[in-house]
Amino acid sequence: MVAIIFEGKSDKDMLDEFCNYHDLPKDKIKYFNFEGKDNIFEKNHEYYKEIKDGINDLQSIDKMLIIVDADDKNDENKNRGFKASEDKLKELIANFKFKIPIDYYIMCDENEIGNLESLLLSMLDEGQQNCIKAFKKCYKHVLSDKWVYNSFYKHKKNKIDFDHNNFKPLKMKLTDLFRD
C-alpha cells in the first residue's frame, strides 16, 4: 500500500483522474488529506501516527509520496516558494523514522511557482495562456491561478491532458511507487 499525502480535495480529485487515465492501481493507495500545506509540515500531525502504525504494526504501508504546492516565494510564510517547500520536505522526511521509501512532488508551473491550478494552466496552448495573461492585465484586481482555473476550465469536459510533458515528473514518481 502506498500512502499519498496531499494538501486538499482538489489534489485528490486530480490524482484519482490521473491514476485512472494512466491505469495506476488506485486500490493500492491510501490517501491522506492534510487540509493544508502547514499541516503537512507539522511532524506531530495525527495522520503521521496512523501512517507509522500502518508501517510498523500492520505492515500495510510500504511507500509514501508527499505532494505540496510550491506557492509563491514572496508570501510571508517561510515555507512558501519551490526551494523553501523542497527544503522543508527534505527536513521533514529526514526527521521521520519510517523505514520505507519516501518521495515528494511539488506542484507548480514551469517557473516553479504556484499550485495545482498553476500546473494545470501551464498545459494550455499558447493562445489560451496569452488570453489569460491579457485578461489578468486588464482586470482591476489580482486574480490567482486557482480562481482562473476554477472559473474558466474546471468544468470543461476532457480538460486535462495527462500526457502533457509537465505531468511527466508526477507520472514517473507514481509509476515508481507501484513497482515491486
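The values are calculated or read from the model by the stated rules, or taken from the named source; none is laboratory data. Every value quoted in this text rests on a predicted model; they were computed, and no experiment measured them. FYI the Cβ positions are ideal-geometry reconstructions off the backbone, even for glycines, and counts take in every protein chain you see.
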*Residue ID - modelled with the lowest pLDDT, chosen from residues in the stretch 90-99 that are in a loop (DSSP other than H, G, I, E, B) and out of contact with any helix residue (DSSP H, G or I) (no Cβ under 6 Å at 6 or more places or on another chain)*: K97
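In the stretch 1-89, which strands (runs of 3 or more DSSP E) lie fully inside it and hold 1 or more residues that are exposed (fewer than 15 other Cβ atoms within 10 Å of the Cβ)?
Hits in the stretch 1-89: 29-33.
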_Cβ-Cβ under 8 Å pairs, at least 6 apart or on other chains, the stretch 100-125 side closer than 13 Å to I66 by Cα, far side among the hydroxyl-bearing types (S, T, Y)_ = I106/S85; M107/S118
*asked:* Regarding the stretch 83-90, can at least one residue be identified that is under 18 Å from S118 (Cα atoms) and among the acidic types (D, E)?
replied: yes
*Which of (1) in contact with a helix residue (DSSP H, G or I) (Cβ under 7 Å, 6 or more places away or on another chain); (2) among the aromatic types (F, W, Y); (3) modelled with pLDDT of 90 or more is the odd one out, the single condition F167 does not satisfy?*
(1)
*When only residues in the stretch 118-176 that are touching a strand residue (DSSP E or B) at 6+ places or on another chain (Cβ under 6 Å) and not aliphatic (A, V, I, L, M) count, which is surrounded by the most Cβ atoms within 10 Å (Cβ to Cβ)?*
D145
*Specify which of the listed residues (I66, I40, I29) is β-branched (V, I, T) and over 25 Å from W147 (Cα atoms).*
I29
*Scan K173, K133, K154, K137 and give me the residue that is assigned to a helix (DSSP H, G or I) and under 20 Å from D69 (Cα atoms).*
K173
*Could you tell me whether any residue of the stretch 109-121 is part of a loop (DSSP other than H, G, I, E, B) and touching a Leu at 6+ places or on another chain (Cβ under 7 Å)?*
yes
_Subset of the stretch 157-170 (residues that are over 15 Å from S10 (Cβ atoms) and in a loop (DSSP other than H, G, I, E, B))_ = K157, N158, D161, F162, D163, H164
*List the number of the failed condition for S144; all other conditions in (1) more than 23 Å from K171 (Cβ to Cβ); (2) free of Cβ contacts under 8 Å to residues at least 24 places away in the same chain; (3) polar (S, T, N, Q) hold.*
(2)
_Subset of the stretch 23-70 [among the acidic types (D, E), within 18 Å of the chain's Cα centre (by Cα) and over 26 Å from T175 (Cβ atoms)]_ = E35, D38, E42
